[in-house]
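To start, the structure itself, in structure tokens.
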Amino acid sequence: MAAVTNAPSVIVRAANADEGRAIAGLWRELWDAHEAWGGYAGTRDPRVYEQLAQRLSEDARVRGGQPVLGRHIHLVAQTDLGIVGQVEGWFERHGIDETTPFTCEVRSLIVSTRTRSRGVGRALLEALAQVARHMSRGAPVVMAAEVLEPNPAHAFYAKVGYSPVSWTARLATDGADDPGTSSGPWVARLATPDDALAIAMLDTSLAARRRSQGDIRFDRPRAVEATFVGALAAHLARPAGSLDQCEVVVVDEHQVVRGSSSLTVMSLDPPFVPARRGLLGRFAVDPALDPRPLVATLVRLGRRLASMRGAATLELTDLDPPSGPLNEGALSTGARPWSRIVERYA
Ligand SMILES: CC(C)(COP(=O)(O)OP(=O)(O)OC[C@H]1O[C@@H](n2cnc3c(N)ncnc32)[C@H](O)[C@@H]1OP(=O)(O)O)[C@@H](O)C(=O)NCCC(=O)NCCS
């Protein structure tokens, strides 16, 4: 394949089959840095990186010099020092509205410490955006990256035109002082198919909030209509395994649903040390009410459910900016700021 970007002294291109080991070395650098910022631990076992190197070489062989395989993009940066950086992209469209932009998630961006601040990171992101534009065939594409709060890369993303649009907090699930899943008049419980209409209506406020924060990865607010409510009811009625996504709602003293969110528990695969992480997101609350106690009540149940499913931590995703009411509700449960999503058009 021809180089996607050829800025002076840096070439960005697909990986070659003999470069697995060099790329695995970059992953090791990334995982060590990630851990230093309080992120999930990466393994120290050299055999895992040896297997990763083999998998990366095999992957490059299958790609045959093309950065795109299905929805996955993989690019490396080469200078006179060899392979000095890499980035992955995951291309998809969230939602069902055809006017919603495609999203290219920026993943595992790393530039070796020996070649930082020489334009390599910028070149990798520019090349990734170019590939994503090609994949979207002219439709709008938004680039989105998650940056942990302690990572100094916030300044880098600001320089290359990305802005924060969504915030995440995190808490441990072993709540020794767990005050239960009710608070004042609010009680959290798992959603049932009967909650479909209420959740569909709350979804409209979620969509409006995301757009108002500048997060354009998701569908615009849509009219609540029977097909959508029916699909949601069917989703809530399905027999869900213990690791499947589940919806939780918070109800008032009259059993009226006033807020909802979704819980997922995911496995962390090597080169992470194997573990489980819970994700509680899609917070939607009745716009007429103070969201703080509603969010806190949802989080307490989410924490309990995540713990029962083997997750040691729970990430509270899709929050509003720090000092926003949802964020404050999340932090009131003992959660700490964890990361933010930054975005720009490709
Ligand atoms: C973030 C990272 C990829 C940046 O790569 P890089 O090659 O050093 O970045 P560039 O040289 O292309 O920088 C582009 C601009 O951002 C600025 N910049 C880069 N890192 C910066 C930092 N830590 N603080 C302030 N500015 C920074 C550069 O000065 C440059 O500004 P300019 O356009 O005015 O010259 C690199 O630091 C890295 O690999 N960090 C560890 C892994 C990581 O954080 N990955 C991202 C996970 S979300």
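The values are calculated or read from the model by the stated rules, or taken from the named source; none is laboratory data. Quick caveat: nothing in here was measured; it's all calculated off a predicted structure. Using ideal geometry, Cβ is built from the backbone for each residue, glycine included, and neighbour counts are taken over all protein chains shown. Accessible surface is based on the protein model in full, side chains and every heavy atom, while ligands, DNA and RNA are left aside. Shrake-Rupley method; radii C 1.70, N 1.55, O 1.52, S 1.80 Å.
Looking at the range 182-203, can you tell me whether even one residue there is more than 30 Å from G310 (Cα to Cα) and more than 16 Å from the ligand (Cβ to nearest atom)?
Start the filter on the range 182-203 by keeping residues that are more than 30 Å from G310 (Cα to Cα), which leaves 197, 201.
Still in the running and more than 16 Å from the ligand (Cβ to nearest atom): 197, 201.
Among the residues of the range 182-203, at least one is more than 30 Å from G310 (Cα to Cα) and more than 16 Å from the ligand (Cβ to nearest atom), which makes the answer yes.
Please work out which residue is surrounded by the fewest Cβ atoms within 10 Å (Cβ to Cβ), limiting yourself to the range 212-226 and to residues that are over 17 Å from the mean Cα position of the chain (by Cα) and of a type in the set (D, E, K, R).
At the first step, the residues of the range 212-226 found to be over 17 Å from the mean Cα position of the chain (by Cα) are 212, 220-226.
Add one more test, that the residue is of a type in the set (D, E, K, R), and what stays is 220, 222, 225.
Numbers: R220: 14, R222: 14, E225: 9.
Among those that are over 17 Å from the mean Cα position of the chain (by Cα) and of a type in the set (D, E, K, R), it is E225.
Mind listing whichever residues of the range 241-265 are farther than 16 Å from I199 by Cβ, open to solvent by 70 Å² or more (accessible area, probe 1.4 Å) and modelled with pLDDT of 95 or more?
Passing the criteria: E253, H254.
Would you please name the residue that is farthest from L81 (Cα to Cα), looking only at residues in the range 100-136 that are among the hydroxyl-bearing types (S, T, Y) and within 9 Å of the ligand (Cβ to nearest atom)? Don't jump to the end; show me each part of the working.
Initially, the range 100-136 is screened for residues among the hydroxyl-bearing types (S, T, Y), giving 100, 103, 108, 112-113, 115, 117, 136.
Then drop every residue that is not within 9 Å of the ligand (Cβ to nearest atom), which leaves 108, 112-113, 115, 117.
Values: S108: 20, S112: 10, T113: 12, T115: 9, S117: 15 Å.
If we take residues in the range 100-136 being among the hydroxyl-bearing types (S, T, Y) and within 9 Å of the ligand (Cβ to nearest atom), then S108 is farthest from L81 (Cα to Cα).
So L298 fits all but one of (1) in contact with a Gly (Cβ under 7 Å, 6 or more places away or on another chain); (2) within 30 Å of Q51 (Cβ to Cβ); (3) buried (at least 18 other Cβ atoms within 10 Å of the Cβ); what number is the exception?
(2)
Restricting to the range 103-121, name every residue that is out of contact with any Gly (no Cβ under 8 Å at 6 or more places or on another chain) and open to solvent by less than 90 Å² (accessible area, probe 1.4 Å).
Result: T103, S108, G119.
What is the number of the single condition among (1) assigned to a strand (DSSP E or B); (2) open to solvent by less than 60 Å² (accessible area, probe 1.4 Å); (3) small (G, A, S) that G334 does not meet?
Of (1) assigned to a strand (DSSP E or B); (2) open to solvent by less than 60 Å² (accessible area, probe 1.4 Å); (3) small (G, A, S), only one is false for G334: (1).
Name the residues in the range 278-295 that are in a strand (DSSP E or B) and buried (at least 20 other Cβ atoms within 10 Å of the Cβ), would you? Spell out how you get there, then give the answer.
Narrowing the range 278-295 to residues in a strand (DSSP E or B): 278-285.
Of everything in the range 278-295, those that are in a strand (DSSP E or B) and buried (at least 20 other Cβ atoms within 10 Å of the Cβ) turn out to be G278, L279, L280, R282, F283, A284, V285.
Run down S112, S108 and say which single residue is at negative phi and at pLDDT 95 or above. Steps first, please.
Details: S108 fails: at negative phi.
Selected residue: S112, the only one of S112, S108 that is at negative phi and at pLDDT 95 or above.
Test of understanding: among R93, R63, R55, which residue is farther than 30 Å from A169 by Cβ, basic (K, R), outside the structural domain of R276 (by TED's automatic domain parsing) and surrounded by 15 or more Cβ atoms within 10 Å (Cβ to Cβ)? Walk me through it before giving the result.
Details: R93 fails: farther than 30 Å from A169 by Cβ; R55 fails: surrounded by 15 or more Cβ atoms within 10 Å (Cβ to Cβ).
Criteria check complete, one pass: R63.
What do you reckon, is V256 out of contact with any strand residue (DSSP E or B) (no Cβ under 7 Å at 6 or more places or on another chain), assigned by TED's automatic domain parsing to the domain that holds A198 and not aromatic (F, W, Y)? Steps first, please.
Working: out of contact with any strand residue (DSSP E or B) (no Cβ under 7 Å at 6 or more places or on another chain): yes; assigned by TED's automatic domain parsing to the domain that holds A198: yes; not aromatic (F, W, Y): yes.
In short, yes.
Could you list, in sequence order, the residues of the range 137-174 that are in contact with a helix residue (DSSP H, G or I) (Cβ under 7 Å, 6 or more places away or on another chain) and more than 16 Å from the ligand (Cβ to nearest atom)?
V141, A169, L171, T173, D174
Hey, among R344, R309, which residue is surrounded by fewer than 23 Cβ atoms within 10 Å (Cβ to Cβ) and assigned by TED's automatic domain parsing to the domain that holds G259? Step through it out loud before you land on a result.
Working: R344 fails: assigned by TED's automatic domain parsing to the domain that holds G259.
Of R344, R309, the one residue that is surrounded by fewer than 23 Cβ atoms within 10 Å (Cβ to Cβ) and assigned by TED's automatic domain parsing to the domain that holds G259 is R309.
If you take the residues of the range 221-240 that are closer than 15 Å to A191 by Cα and part of a loop (DSSP other than H, G, I, E, B), which of them is modelled with the highest pLDDT?
The first filter runs over the range 221-240 and keeps only residues closer than 15 Å to A191 by Cα, leaving 229-240.
Then drop every residue that is not part of a loop (DSSP other than H, G, I, E, B), which leaves 238-240.
Numbers: R238: 87, P239: 82, A240: 74.
The extreme case among them is R238.
For the range 13-31, how many residues are among the charged types (D, E, K, R) and open to solvent by less than 60 Å² (accessible area, probe 1.4 Å)?
Step one: of the range 13-31, the residues among the charged types (D, E, K, R) are 13, 18-19, 21, 28-29.
Of the ones still in play, those that are also open to solvent by less than 60 Å² (accessible area, probe 1.4 Å) are 13, 19, 29.
The number of residues fulfilling the criteria is 3.
Hey, can you tell me all the residues within the range 137-171 that are under 29 Å from Q66 (Cα atoms) and open to solvent by less than 10 Å² (accessible area, probe 1.4 Å)?
Start the filter on the range 137-171 by keeping residues that are under 29 Å from Q66 (Cα atoms), which leaves 137-147, 153, 156-157, 159-162.
Listed by number, the residues that qualify are V141, V142, M143, A144, A145, V147.
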